[in-house]
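Trainee: Take a look at this one; I'll ask things after.
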Amino acid sequence: MTDDILTQPHVRPDRKALGGRLLRIALALLAGVATALVHPPFGLLPGLVGYPLLMLLAERSETVKGGFWVGWLAGFAYFFIGCWWVAEAFFVNPDQAWMAPFAASLLPAGLGLFWGVATALYRRFTPTGVRRILLFAALFCLMEWVRGHVLTGFPWNPAGAGWAAGSAASQFAAVAGVYGLSLYTVVAASAFGPLAGPGPRKARIGAAVAGGLALLALVVGGTVRLDRAKVTYTDTVVRIVQADVDQQSKWTPEAYFGIVDRYVNLTARPGAVVPDVILWPEGALPNTFNRVFAPGAEEGMAIARALQPGQTLLAGLSRGQDDASAPEGARYFNSLIALHSEGAQGLRIAAVYDKHRLVPFGEYLPAGQLMSVLGIRSLVHVPSDFSAGPRPAPIDLPGAPRVQPLICYESLYPGFTPGGVGRPEWIANVSNDAWFGKTSGPLQHLNLAAYRAIETGLPLARATPTGVSAMIDPWGRVVGDKRIDAGESGVIDARLPRPAAVTLYGRFGDALFWLGLVLAVAAATALPGWRFRLNT
């Protein structure tokens, strides 16, 4: 009896099926790892092969459920590599360190769902022929757009941002934005997928050739645009201040006045030119604006003395506002405050921008009461969560060009800066990347922020406490050597580049991306001679 069981024919196929399942899992994870390594600081462009690999795995899955899981596995690997640095923020406060493993695993697990839905839909409606690559790319990039918008969104490392900002390929973002660039990139890369699949050889080779030519055209077109780019400069000098303040020691009482001194000394440091605008990073000082500039406050008076008459300080500080309806009797905002020096008359508040798009769990808690019961609270160092300000809008500065403030996380979002009526002349992006130490996070954040310059044709000044701070031109390139890396202290004094002409993306936003999606789906499904396999 035992011998009969061991020799039954079903045993060997089961082992083979298990081996095949494990291979699919490994290949799905490999697809996610490969595509993640395209992004900074790695820049491994051969990793684009992960997109056609994911397409092939999805269409060869036995069921729609299987298609979902290969996408989820690939997404988990992609976002784990791209977002593992979020765990670093929870080590700043030892009482919250227990949350770090959950942040590092649950975030990619949740974001991977978007990839899973995309590949499940693709498996459900896989068309025949090589033009199935268009449907795959359209569904994938549609879910990437959804990821960037649902529940306020988390548009970290969309596919198009794998091209280094300022490179030739990145310039297509001026036409269709980073989502349009994502669609173009995934279509071109996925065109190599049919080489490993069935079908007429000529058609499969033709698709790969078309994909290669599309990538070549992307680079050539961007090169032409960069060759024609002429950077000219305004008379406005912006000083970007980086004081090299790490997050872990920042909130100790004994460090407070030392931090104030760093910012004051860097603000007042003599230079070859006198700055018109001084830019401090997000949360520059470990105190609220209300206390820093309270009557008689020593630090407020020191800051006022550091500014020359006519200068404007853009200071990233939290601020409180009395509100009897709030739990603590006040609401708190993460703000960028423009302080104009009027000499002996002191400082005048010229403008205030309150951050609109807040970081979940970092600046506010979704389902706050429930989270509090579970012992979870946001990472802010004010009595309650931050409140959101109105949608981002430019602010006017005395004696300086109109500016669009974007605080930290907001620089991930295309479309926050107007490209037509009311267009500002530059973007001020302040961020507190000290939360993430010397990880890949700050480098990726710089790359993503620079895409806002390409999309809008506006220069971008970026200030962080510990790096990376830089002046970015309207084509997404760091201006000269105007960059301060992690762990460095100093200032960047740079003449503000003039804006480039209004870009197509600035005029039409994501309209060209949506047009591309519609055309891709139409070409894959609606043209004569193409059939769907209605998979179940």
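Laboratory data are not the source of any read-out in this text; all were calculated from the coordinates shown. Given the structure is predicted, the values throughout are model-derived calculations rather than measurements. With ideal geometry, Cβ positions are generated from the backbone for all residues, glycine too; neighbour counts draw on all protein chains shown.
Trainee: Got a sec? Which residues in segment 164-195 would a label at Tyr233 touch, if it sits 7 Å along Cα→Cβ and we count backbone N under 19 Å?
Mentor: Of the residues in segment 164-195, none has backbone N under 19 Å from the label point off Tyr233.
Trainee: Moving on. Report D for segment 79-145 in µm² per second (integer): Stokes-Einstein, Kirkwood Rh on Cα pairs, 4 °C, 1.567 mPa s.
Mentor: Numbers: Rh = 13.8 Å.
Estimated diffusion coefficient is 94 µm²/s.
Trainee: Taking only the C-alpha atoms, wrap a convex hull around segment 27-87 and report its volume per residue in Å³ as a whole number.
Mentor: Given the Cα convex hull of segment 27-87, per-residue volume reads 59 Å³.
Trainee: Continuing with the same structure: Express the Stokes-Einstein translational diffusion coefficient of the chain in µm² s⁻¹, to the nearest whole number, given a Kirkwood radius over alpha-carbon pairs, 20 °C and a viscosity of 1.002 mPa s.
Mentor: Answer from the Stokes-Einstein relation: 86 µm²/s.
Trainee: Would you mind computing, in nm to one decimal, how far apart the modelled labels at Ala255 and Leu18 are, each placed 7 Å from Cα along Cα→Cβ?
Mentor: Output for this residue pair reads 5.2 nm.
Trainee: A follow-up question, please. Would you mind putting 198-204, 279-285 in packing order, based on average other-beta-carbon counts within 10 Å, highest first?
Mentor: Numbers: 198-204: 11.3, 279-285: 26.0.
So the order, starting with the most tightly packed, is 279-285, 198-204.
Trainee: Can you compute the FRET efficiency between Leu113 and Glu62 using 1/(1 + (r/R0)^6), with r the Cβ-Cβ distance and R0 = 22 Å? Round to the nearest 0.05.
Mentor: 0.60
Trainee: Quick check on packing: order 445-455, 150-160 by the mean number of other C-beta atoms within 10 Å, highest mean leading.
Mentor: The packing order, highest mean first, is 445-455, 150-160.
Trainee: Using only the alpha carbons, work out the radius of gyration and Dmax of segment 155-214 in angstrom.
Mentor: 13.4, 39
Trainee: Can you say what percent of the DSSP beta bridges in the chain, counting only those with both residues inside, are antiparallel? Round to 5.
Mentor: DSSP beta bridges in the chain are roughly 65 percent antiparallel.
Trainee: Report, in deg cm²/dmol and to the nearest 500, the calculated mean residue ellipticity at 222 nm for the chain, where each DSSP H run with n ≥ 4 adds -39500 (n - 2.57) and the sum is divided by the residue count.
Mentor: Calculated at 222 nm, the ellipticity per residue is -13500 deg cm²/dmol.
Trainee: Once a ≥ b ≥ c are taken as the square roots of the eigenvalues of the Cα gyration tensor of segment 103-176, is the result rounded (a/c under 1.5), prolate (a/b larger than b/c) or oblate (a/b not larger than b/c)?
Mentor: Oblate, since a/c reaches 1.5 and b/c is not below a/b.
Trainee: Which helices, counted as full DSSP H runs in the chain, have an axial Cα extent of no less than 24 Å and a Kyte-Doolittle average of 0.5 or above?
Mentor: Helices meeting the criterion: 11-36, 64-83, 100-124, 201-228.
Trainee: Does segment 277-327 classify as rounded, prolate or oblate by the C-alpha gyration tensor (a ≥ b ≥ c root eigenvalues; a/c under 1.5 gives rounded; else a/b over b/c gives prolate, otherwise oblate)?
Mentor: Because a/c hits 1.5 or more and a/b exceeds b/c, segment 277-327 counts as prolate.
Trainee: From the cross-link list Lys355/Lys438; Lys16/Lys202; Lys65/Lys438; Lys355/Lys482, which pairs have alpha carbons spaced over 31 Å apart?
Mentor: Those over the limit are Lys16/Lys202; Lys65/Lys438.
Trainee: Another question about this same structure. Taking a ≥ b ≥ c as the square roots of the eigenvalues of the Cα gyration tensor of segment 420-536, is the shape rounded (a/c under 1.5), prolate (a/b larger than b/c) or oblate?
Mentor: Oblate, since a/c reaches 1.5 and b/c is not below a/b.
Trainee: Above 22 angstrom, tally the Cα pairs of segment 182-293 and express them as a % of all pairs, no decimals. Present the calculation step by step, with values, prior to reporting the outcome.
Mentor: Details: 3915 of 6216 pairs.
Everything past 22 Å amounts to 63 percent.
Trainee: I would also like to ask the following. Quote the FRET efficiency, to the nearest 0.05, computed for Ala26 versus Ala208 with a Förster distance R0 of 30 Å and r equal to the Cβ-Cβ distance.
Mentor: Calculated value: 0.80.
Trainee: May I pose another question? For the charge dipole of the chain, defined by +1 on Lys and Arg C-beta atoms and -1 on Asp and Glu C-beta atoms about the Cα centroid, which residue among Met471, Pro253, Val274 has the Cα displaced farthest towards the positive pole?
Mentor: Met471
Trainee: Based on the Cβ-Cβ distance from Trp98 to Leu226, what FRET efficiency comes out when R0 is 35 Å, to the nearest 0.05? Could you put the intermediate results ahead of the total?
Mentor: Numbers: r = 48 Å, r/R0 = 1.36.
FRET efficiency, Trp98 to Leu226: 0.15.
Trainee: Highest mean first, how do 286-296, 333-343 rank when packing is the count of other Cβ atoms within 10 Å averaged over residues?
Mentor: Numbers: 286-296: 16.5, 333-343: 22.3.
In decreasing order of mean packing, 286-296, 333-343 become 333-343, 286-296.
Trainee: Next question, about the same structure. For segment 92-230, max minus min Cα coordinate along each principal axis, in Å, sorted largest first?
Mentor: Taking the Cα atoms of segment 92-230, the three principal extents are 61, 49, 22 Å.
Trainee: Given segment 426-477 reduced to its alpha-carbon atoms as identical point scatterers, what log10 I(q)/I(0) does the Debye formula return at q = 0.23, 0.24 Å⁻¹?
Mentor: Debye intensities relative to I(0), on a log10 scale: -0.75, -0.80.
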